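Participant: Sharing a structure with you now.
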Amino acid sequence: MTDANAAIEVAAGVPTSTLNRIDLSSSDIPGSVSLLKQACLDSGFFYVINHGISQDLMEEVFVQSRRFFGLPLSEKMKLLRNEKHRGYTPMFDQILDPANQINGDYKEGYYIGVELPEDDPGARKPHFGPNLWLSEDILPRWRQAMEKFGSQALKVAKVAARIIALALDLEADFFDKPEILGEPIATLRLLHYEGLVSDPSKGIYGAGAHSDFNFITLLATDDVPGLQICKKKDAKSPMWEFVQPMRGAFIVNLGVMLERWSNCIFRSTLHRVIGNGQERYSIAYFLKPNHDCLIECLPTCMSEENPPKFPPVQCQTYLSQRFKDTHADLNVYRTEGA
Ligand code: OGA
Ligand code: NI
């Protein structure tokens, strides 16, 4: 079978999901809350449009991302991710669905986190510290573009968090307050999927099926389709649906932390990336609350008939475990390099 035929087969019969669009420039707040609520109850996925980040900047980060991934592997390996989860993640570094995948995800990535100097007391916390930046000689304006995009994405995520709070019958600033999103663990991740055709029957995926283990994710993608969601993961034959790329918009999805907070009323839906033979780039902004924020069932999401399903958990405890579960041991690279 040719690659093109294989690609058609992979996509055959897979429907496209219609996701609600939340227009952040709209003054009809109740309208936005209702659209968002419907999306969160149904799939936990929606588009965010008119978010205020300029098209120029959205395009610039993709240009810069392509430039980075276009460097020779030996250059990229010099920036191999460290214990703080900063830097380059090569092909197969991540395996999101070990039960159904061989090798790992057919993608490479780059983690950028909250920037703090090494000697800052805050840098003792996991996930906080200095980033691995490329020198200006190799990729001029790279750092600048990433930092600008990261800070604007945080603003967008906070606006979305206010609408989410209203949709959960909470005060608008419930999540957007110092003890929850005051010093968030935010990660920008550049992703590059090689032009490989996925073959689920052989366990080959761009990214294996997973739910994001954070609060919310903002995802910007290029025009190549690949992202699929599965709303009913426990069904006998789970159905996958494509999420269409939307230029200039973010695809926003809820993470497991919000699912726990909302006692599973809001959904953190399983998703994966299927390669169709075309190269694909995406940029994910993962937002998690402060390290010591306690994630526990919201008062508006429990009742006598619906008691809390999960014990409270501290953000950093939950996060450390999930990172360990889904990434290769860094010693793998040390041994190989020796
Ligand atoms: C992720 C993810 C989807 C994509 O990184 O968690 O789901 O389209 N990415 O890259
Ligand atoms: Ni994801």
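The values are calculated or read from the model by the stated rules, or taken from the named source; none is laboratory data. Values in this document were obtained by computation on a predicted structure and should not be read as measured data. Every residue, glycine among them, receives a Cβ derived from its backbone with ideal geometry; neighbour counts consider all protein chains shown.
Participant: Residues P245, P225: which one is within 16 Å of ligand 2 (Cβ to nearest atom), in contact with a helix residue (DSSP H, G or I) (Cβ under 9 Å, 6 or more places away or on another chain) and part of a loop (DSSP other than H, G, I, E, B)?
Facilitator: P225
Participant: Here's something else I'd like to know. In this structure, is E75 surrounded by fewer than 21 Cβ atoms within 10 Å (Cβ to Cβ), closer than 21 Å to H291 by Cα, in contact (Cβ under 8 Å) with a residue 24 or more places away in the chain and not aliphatic (A, V, I, L, M)?
Facilitator: For E75, the condition - surrounded by fewer than 21 Cβ atoms within 10 Å (Cβ to Cβ), closer than 21 Å to H291 by Cα, in contact (Cβ under 8 Å) with a residue 24 or more places away in the chain and not aliphatic (A, V, I, L, M) - is not met.
Participant: Which residue is nearest to G203 (Cα to Cα), if the candidates are limited to the range 242-288 and must be of a type in the set (G, A, S), within 12 Å of ligand 1 (Cβ to nearest atom) and touching a Leu at 6+ places or on another chain (Cβ under 7 Å)?
Facilitator: Filtering the range 242-288 for residues that are of a type in the set (G, A, S), within 12 Å of ligand 1 (Cβ to nearest atom) and touching a Leu at 6+ places or on another chain (Cβ under 7 Å), the one nearest to G203 (Cα to Cα) comes out as G275.
Participant: List the number of the failed condition for P140; all other conditions in (1) within 27 Å of S54 (Cα to Cα); (2) more than 16 Å from ligand 1 (Cβ to nearest atom); (3) modelled with pLDDT of 95 or more hold.
Facilitator: Looking at each condition in turn, P140 falls short on (3).
Participant: So, in the range 199-212, how many residues would count as being out of contact with any helix residue (DSSP H, G or I) (no Cβ under 6 Å at 6 or more places or on another chain) and in a loop (DSSP other than H, G, I, E, B)?
Facilitator: 4
Participant: What is the residue count in the range 98-134 for residues that are under 25 Å from N290 (Cβ atoms) and assigned to a loop (DSSP other than H, G, I, E, B)?
Facilitator: Adding up the residues that qualify gives 13.
Participant: Being at pLDDT 95 or above, under 19 Å from N214 (Cβ atoms) and touching a Gly at 6+ places or on another chain (Cβ under 7 Å): is that true of N263 here?
Facilitator: Working: at pLDDT 95 or above: yes; under 19 Å from N214 (Cβ atoms): yes; touching a Gly at 6+ places or on another chain (Cβ under 7 Å): no.
Criteria not met by N263.
Participant: Check whether at least one residue in the range 177-188 is over 22 Å from L319 (Cα atoms) and either of a type outside the set (F, W, Y) or more than 12 Å from ligand 1 (Cβ to nearest atom) (or both), and report yes or no.
Facilitator: no
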